[in-house]
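Throughout, read-outs are computed from the coordinates displayed, never taken from laboratory work. This structure is a prediction, so every number in the text was calculated from the model and none was measured. With ideal geometry, Cβ positions are generated from the backbone for all residues, glycine too; neighbour counts draw on all protein chains shown.
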Amino acid sequence: MQNLRVLILAAGKSTRMKSKYAKVLQRAGGRRLIEHVLTTARNLSPDIFVVVGHLADQVKAAISEVTFIDQKEQLGTGHAVLAARETFSGYAGDVLVMPGDVPLIEAATLEAFVRFHHEGGFCASVLTADLENPHGYGRIVRHNANEVSSIVEHRDATPEILKIREINSSIYVFHAPVLFESLVKIRNNNAQHEYYLTDVIGLLAGRKQKVGAFKVHSAEEVLGINTRQELAAVDRVMRRKKCESLMADGVTITDPETTYIDADVQIGMDTVIYPSVQIYGHTVIGEDAAIHSFSRILDSKIGSRTVVLEGCVIVDSAIGEDVSIGPYAHLRMGATLGDSAKVGNFVEIKKSALGAGTKSMHLAYLGDATIGKNVNIGAGVITCNYDGVNKHPTVIEDGAFVGTDSQLIAPVRIGKDAYIAAGSSITEDVPPESLAIARGRQVNKEGWVRTRKK
Ligand code: UD1
Ligand code: CA
């Protein structure tokens, strides 16, 4: 939108969150609160300013492509905006002010709000909503359908004012010169001894300036976060919305209530997500796949028609098409599975590649291994990759057969189509197409029991 700057307030102490971390860095729906707000704000303007103060270094390290403004002491929301006065000097356009802790607000709503402000010819406008439970929010005192006379903070409100259910979202549009002229006049004679940005609204309205109030229909959008309880409530809304948007795009989610999917996850059409599944980060899942209950997938790629059975943990891994994984498999640190591979019960795969058609169906540990195509890994096979100091690689070439309960002591290479006899401890390379047996020979002592009894 033309001639609009965005000013985001993120300097507050967030006392109610009880945290070592800045509130705007808390996560909901898979992103930091400030990331949600920034993503939305960028739809309106590229000129974004962020006021930082409490734990400023944390916030500065977490975001980029914005202009930071330092609020040295945290003396309230009005004081926070005032910190931007110098940066804004000479700027005669409008400024959209929003807090960093209202992450559900949508770009379309903000656009409609800014249009309302322009078309109504207001010098200041506030975005409001009717809340079921307005506890803790500033209340909107109006004198007609479009205009406000003041905003009263919950802590400063009389019982009469507390009955008002229309709340201040803390999102405003101001004509910038008017904003900064008014800010220098506000006082901190209130319950918290803070300089309230809300007082600018009352001040302007008192001087017969036109102050607009734009009420949103979906109250959910303006939910602010001050406590862990509110963080959980907002997270829940985001999860619901993510499931709704995936379902609208053709993904089956059998129980959205217990399904946790982060904002940036992508899932293809006709894939089925069963109850109690968690899919996080930048995970991408293809079409016609199935993710069964109690699996957690983070920052991974899952190909089309792949089935992840119950209880799997898949982190930073890339899985091909038509693969079957689990139940109870653990893939991590860049594990890759080729198309049609099969990984079964209680198999752990760390930093290893399995080629197309390779199978490891039961109870195995494969670490730092490069495994070719159509390899069979028997039950209980272990790559002994760690000597107590260093990690070593194992290579298993195409078509090899590694018998049950074998240990491959790395570094070691198993040649193409080679066989490892069950129960072997392999310490030396095995040439292609050969059989390796590395175990003690069996001795049968006939009659041994009878002899002992005597
Ligand atoms: C504020 C509003 C309240 C509104 C509510 C909506 C005021 C006085 N009150 O209350 O009317 O209903 O938001 O969610 O404005 N901040 C700074 N510096 C400061 C203080 C705060 O940058 O010195 C930032 C915070 O980091 C936060 C935002 O301003 O992002 C709002 O502050 P917060 O303390 O959360 O205000 P509320 O009590 O929620
Ligand atoms: Ca707040």
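Here are the numbers:
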| quantity | calculated |
| --- | --- |
| Footprinting exposure proxy for 427, 158 (fewest neighbouring C-beta atoms within 10 Å first) | 158, 427 |
| Derived scalar couplings ³J(HN,Hα) [region 131-143; Karplus, 6.51 cos²θ - 1.76 cosθ + 1.60; whole Hz; x for Gly, Pro] | 10, 3, 10, x, 3, x, 8, x, 9, 8, 9, 10, 10 |
| Magnitude of the charge dipole, region 362-425, Cβ model with Lys/Arg +1 and Asp/Glu -1, debye to 20 | 60 debye |
| Long-range HN-HN contacts of residue 171 with modeled amide H, under 5 Å | 127 |
| Per DSSP, loop GluC sites (Glu not before Pro) in region 28-79 with at most 13 further Cβ within 10 Å | 65, 73 |
| Loop sites in region 206-307: GluC sites (Glu not before Pro), DSSP, at most 16 other Cβ within 10 Å | 287 |
| Loop-resident sites, region 350-454, for GluC sites (Glu not before Pro), counting at most 12 other Cβ within 10 Å (DSSP) | 428, 433, 446 |
| Residues in region 120-145 reached by a label modelled at residue 163 [backbone nitrogen below 16 Å; 7 Å Cα→Cβ] | 134, 139-142 |
| Whole-Hz couplings from phi, Karplus 6.51/-1.76/1.60, listed for region 418-426; x for Gly and Pro | 6, 10, 10, 5, 3, x, 7, 10, 8 |
| Local electrostatic count, residue 175, Cβ distance below 13 Å [Lys/Arg +1, Asp/Glu -1] | 0 |
| Cβ-based net charge around residue 241, under 14 Å, with every Lys or Arg adding one and every Asp or Glu removing one | -4 |
| Greater than 20 Å apart at Cα, pairs in 20/72; 185/215; 18/242 | 185/215; 18/242 |
| Alpha-carbon Rg with Dmax, taken over the chain, Å | 30.8, 114 |
| Residues whose placed amide H lies under 5 Å from that of residue 361, excluding near-sequence neighbours | 344, 377 |
| Mean Kyte hydropathy of -1.0 or more with a Cα span along the axis of at least 27 Å, helices from DSSP in the chain | 228-248 |
| Local electrostatic count, residue 340, Cβ distance below 12 Å [Lys/Arg +1, Asp/Glu -1] | +1 |
| At 1.306 mPa s and 10 °C, Stokes diffusion of region 289-384 via Kirkwood alpha-carbon radius, µm² per second | 128 µm²/s |
